[in-house]
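Scroll down for the structure; my scribbles are underneath it.
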Amino acid sequence: MKRILIVDDEPHVIRIIRLALENAGYTVDEAAHGLQALDYLQEHCPDVMITDIDMPRLNGRELCLEIERTMPDRPFPVYVLTARAEDEHREWSSALDNLYFMEKPVSIRRLLAVLDEYFANSITTGEQPCWSAR
């Protein structure tokens, strides 16, 4: 079963995405901010990570940059779902490999189509470790 990590500080957003993904057959884990996501990634390697940008403690940009720094060869894509569509966010997100920027509101149907296409065209990680201390 494909495992997806959702990182967002808004419980209702996680609840909506979780329900749709689980109904589509995915296993879903969650983190309320970037620090929780980094803790999760030390123990688990998701097949996909979905994150917001605006979060407390460690925001989505900082999370993605830390993942890029510590896991430059990470086997999973990151989808940044956010209402923050300013050029500055598009610039840093486009500079990172295997990272995709999607503007909110994102329809659940579109998100599922993107994930289904990704999984149809890729080999996923399973339970391989993906954290490398550098």
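All of the numbers you see were taken from the coordinates with simple rules; none came from a lab. These figures come from a predicted structure and were not determined experimentally. Don't worry about glycine lacking a Cβ; one is built from the backbone with ideal geometry, like all the others, and counts go over all protein chains shown.
Are there any pairs with C-beta distances below 9 angstrom linking a residue in the stretch 1-30 that is aromatic (Phe, Trp, Tyr) to a residue that is surrounded by fewer than 16 Cβ atoms within 10 Å (Cβ to Cβ) and in a loop (DSSP other than H, G, I, E, B), with the two at least 6 apart or on different chains, and if so which?
Between residues of the stretch 1-30 that are aromatic (Phe, Trp, Tyr) and residues that are surrounded by fewer than 16 Cβ atoms within 10 Å (Cβ to Cβ) and in a loop (DSSP other than H, G, I, E, B), the close pairs are Tyr26/Met1.
Counting only residues that are surrounded by 13 or more Cβ atoms within 10 Å (Cβ to Cβ) and in a loop (DSSP other than H, G, I, E, B), which one in the stretch 1-35 is nearest to the chain's Cα centre (by Cα)?
Only one residue fits best here, namely Asp8.
For the stretch 20-44, which positions are farther than 19 Å from Glu62 by Cα and out of contact with any Leu (no Cβ under 7 Å at 6 or more places or on another chain)?
Passing the criteria: Leu21, Glu22, Asn23, Gly25, Tyr26, Thr27, Glu43, His44.
Quick check on the stretch 51-72. Is at least one of its residues touching a residue at least 40 places away in the same chain (Cβ under 8 Å), assigned to a strand (DSSP E or B) and buried (at least 18 other Cβ atoms within 10 Å of the Cβ)? Full working, then the answer.
Going through the stretch 51-72, the residues touching a residue at least 40 places away in the same chain (Cβ under 8 Å) turn out to be 51-52, 54-56, 60, 63, 69-71.
Applying the additional criterion that residues be assigned to a strand (DSSP E or B) yields 51.
Narrowing the set further to residues that are buried (at least 18 other Cβ atoms within 10 Å of the Cβ) leaves 51.
Yes, because at least one residue in the stretch 51-72 is touching a residue at least 40 places away in the same chain (Cβ under 8 Å), assigned to a strand (DSSP E or B) and buried (at least 18 other Cβ atoms within 10 Å of the Cβ).
Leu96: hydrophobic (A, V, I, L, M, F, W, C) and more than 24 Å from Ala120 (Cβ to Cβ), yes or no?
Numbers: hydrophobic (A, V, I, L, M, F, W, C): yes; more than 24 Å from Ala120 (Cβ to Cβ): no.
So Leu96 fails the test.
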